[in-house]
Amino acid sequence: MVSGAQARCSLTRAISFHARHRYACDGPAADHGHLYRVEVTVGGVIDASRQTIVDLAALDGILTQEVAQPLAGRHLNEAIREFASGEQLPSCEAVAAWCWRRIAPRLPSGAELERVRVAEDATLWADCTGVD
């Protein structure tokens, strides 16, 4: 990095896990299994000492603890309170917002969550760029 110059960049990390979900309108026997792919984009100024926005091992730990461990191999209607209560459908959009709320507060100072993408397959995904 050029001395004295700061660069704002983004970094995207992806994880995958198997999970199932059911929409209430589908009936009790209509579970849908997917290989979910969650992509998390973090932005910030490159740290001069590390030459990174965020420590990758730390980001991996956050994604494991906040997304993979609670959801991998699970039924989303049971694993996520809002889906279990019927308040929300377990859509890609709702899962992306759920992930955002769990990941954003865990990021270190100077790293900002820019986007969470949740894909059910190669043809369907949702992006969350913030929550109120």
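Just so you know, all these numbers are worked out from the coordinates, no wet-lab data involved. Keep in mind the model is a prediction, meaning the values are calculated, not measured. Here the Cβ positions follow ideal geometry from the backbone for every residue, glycine too, while neighbour counts run over all protein chains shown.
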What fraction of the Cα pairs in the chain, stated in percent, has a spacing above 19 angstrom? 51
Which value in deg cm²/dmol, rounded to the nearest 500, describes the helix-derived mean residue ellipticity at 222 nm for the chain, given -39,500 (n - 2.57) per DSSP H run of n ≥ 4 and division by the residue count? -5500 deg cm²/dmol
Among GluC sites (Glu not before Pro) in region 37-102, those in a DSSP loop whose Cβ has at most 15 other Cβ atoms within 10 Å are Glu87
